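Shown next, in structure tokens, is the structure this report addresses.
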Amino acid sequence: MKGLMLKELYVALKSCKMYFIIDAMFIAMSFALSGILNDSIAFLMFPVMISGEISISLLSFDEKSKWSKYSGTLPYSAAQMVSSKYLFSLAFVAITTLVTFLALIIHVNTIGGAELSEVGSVIGGMCVISLIVTSVGLPLCFRFGSERGRIIFFMTIFIAAFLLVNFIDKFYGLGQIRHIVWIIIAAVAALYALSWFISVAIYSRREITG
């Protein structure tokens, strides 16, 4: 399992450099544009928001390099192959969120411009969205392939985002959004676990059928 995690890291460092560059650019822009834009601190939300997509990109690189055929010769089960994607994605989202929070603390204490708790809660929301992205995207890409899976994924996310915005807007107007935060976190954790289970089942069936 450790070898699979290292493989994900090496592929990310070699083929997904743009994620790290974009994250660094957004964090830098939040500081550099503070004297020009009143809400430049909002740039800190983007690194976390896009971090959940890295697992889908890694799966795409696996398909292009025929990794699934090569991995069949290795002593790893379908569950381990899939788990490496979910664990790496979880770690990447967590590290990105932590780095962004540190940047936020520095930004608020040196430049100001917003309440720490206010922006921090939004970044936390972006972290939840990133986990939803992984939860929805990976099973679709395992089932339909990374190209077709991405198309279905974006359609699904668009519909889900529309429903979620209307749901939050309804409860926010009633002043109840704070009371359902833990329910949302629990629901996303359950969704992530369910997605993990479904992906293992899909990958196992694909291995059996060749």
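Okay, residues lined up against (1) assigned to a loop (DSSP other than H, G, I, E, B); (2) within 29 Å of Ser77 (Cα to Cα); (3) open to solvent by less than 90 Å² (accessible area, probe 1.4 Å); (4) modelled with pLDDT of 80 or more:
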site: Gly125; (1), (2), (3), (4): no, no, yes, no
site: Thr134; (1), (2), (3), (4): no, yes, yes, yes
site: Arg143; (1), (2), (3), (4): no, yes, no, yes
site: Phe154; (1), (2), (3), (4): no, no, no, no
site: Val165; (1), (2), (3), (4): no, no, no, no
site: Asp169; (1), (2), (3), (4): no, no, no, no
site: Trp182; (1), (2), (3), (4): no, no, no, no
site: Ala190; (1), (2), (3), (4): no, yes, yes, yes
site: Ser204; (1), (2), (3), (4): no, yes, yes, yes
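Tell me, please, whether a residue that is out of contact with any helix residue (DSSP H, G or I) (no Cβ under 9 Å at 6 or more places or on another chain), part of a loop (DSSP other than H, G, I, E, B) and touching a residue at least 12 places away in the same chain (Cβ under 8 Å) can be found in segment 34-44.
Taking segment 34-44 as the starting set, the residues that turn out to be out of contact with any helix residue (DSSP H, G or I) (no Cβ under 9 Å at 6 or more places or on another chain) are 35-36, 38-39.
Next, only the ones that are part of a loop (DSSP other than H, G, I, E, B) stay: 35-36, 38-39.
This time we only want the ones that are touching a residue at least 12 places away in the same chain (Cβ under 8 Å), so: 38-39.
Within segment 34-44, one or more residues are out of contact with any helix residue (DSSP H, G or I) (no Cβ under 9 Å at 6 or more places or on another chain), part of a loop (DSSP other than H, G, I, E, B) and touching a residue at least 12 places away in the same chain (Cβ under 8 Å).
Restricting segment 24-51 to residues that are out of contact with any Phe, Trp or Tyr (no Cβ under 8 Å at 6 or more places or on another chain) and closer than 30 Å to Gly145 by Cβ, which is modelled with the highest pLDDT? Break it down into steps so the answer makes sense when it comes.
Within segment 24-51, the subset out of contact with any Phe, Trp or Tyr (no Cβ under 8 Å at 6 or more places or on another chain) is 24-25, 28, 31-32, 34-39, 41-42, 45, 48-49.
With closer than 30 Å to Gly145 by Cβ added as a condition, the list becomes 48-49.
Values: Val48: 82, Met49: 78.
The selected residue is Val48.
When you go through (1) under 21 Å from Cys141 (Cβ atoms); (2) in contact with a Ser or Thr (Cβ under 6 Å, 6 or more places away or on another chain); (3) open to solvent by 20 Å² or more (accessible area, probe 1.4 Å) one by one for Phe43, which number turns out not to apply?
(1)
So which residues in segment 46-82 are open to solvent by less than 20 Å² (accessible area, probe 1.4 Å) and farther than 15 Å from Ile129 by Cα?
Initial filter on segment 46-82 (open to solvent by less than 20 Å² (accessible area, probe 1.4 Å)): 47-48, 51-52, 54-60, 62, 71, 78, 81-82.
Within segment 46-82, Ser57, Leu58, Leu59, Ser60, Asp62, Ser71, Ala78, Met81, Val82 qualify.
May I ask you to say which residue of Tyr76, Tyr86 is in a loop (DSSP other than H, G, I, E, B), touching a helix residue (DSSP H, G or I) at 6+ places or on another chain (Cβ under 8 Å) and either at pLDDT below 75 or of a type outside the set (A, V, I, L, M, F, W, C) (or both)?
On the way: Tyr86 fails: in a loop (DSSP other than H, G, I, E, B).
Residue meeting the stated conditions: Tyr76.
Mind checking which residues of segment 93-113 are of a type outside the set (Gly, Ala, Ser), open to solvent by less than 20 Å² (accessible area, probe 1.4 Å) and either touching a Pro at 6+ places or on another chain (Cβ under 6 Å) or in contact (Cβ under 8 Å) with a residue 60 or more places away in the chain (or both)? Before the answer, list the steps.
First, pick out the residues of segment 93-113 that are of a type outside the set (Gly, Ala, Ser): 93, 95-102, 104-111.
With open to solvent by less than 20 Å² (accessible area, probe 1.4 Å) added as a condition, the list becomes 93, 96-97, 100, 104, 107.
Correct list: Thr96, Thr100, Leu104, His107.
The values are calculated or read from the model by the stated rules, or taken from the named source; none is laboratory data. Everything quoted here is computed from the prediction, not taken from an experiment. No Cβ is skipped: glycine too gets one built from the backbone with ideal geometry, and neighbour counts run over all protein chains shown. Protein only, heavy atoms only, side chains kept; ligands, DNA and RNA dropped before computing areas. Shrake-Rupley method; radii C 1.70, N 1.55, O 1.52, S 1.80 Å.
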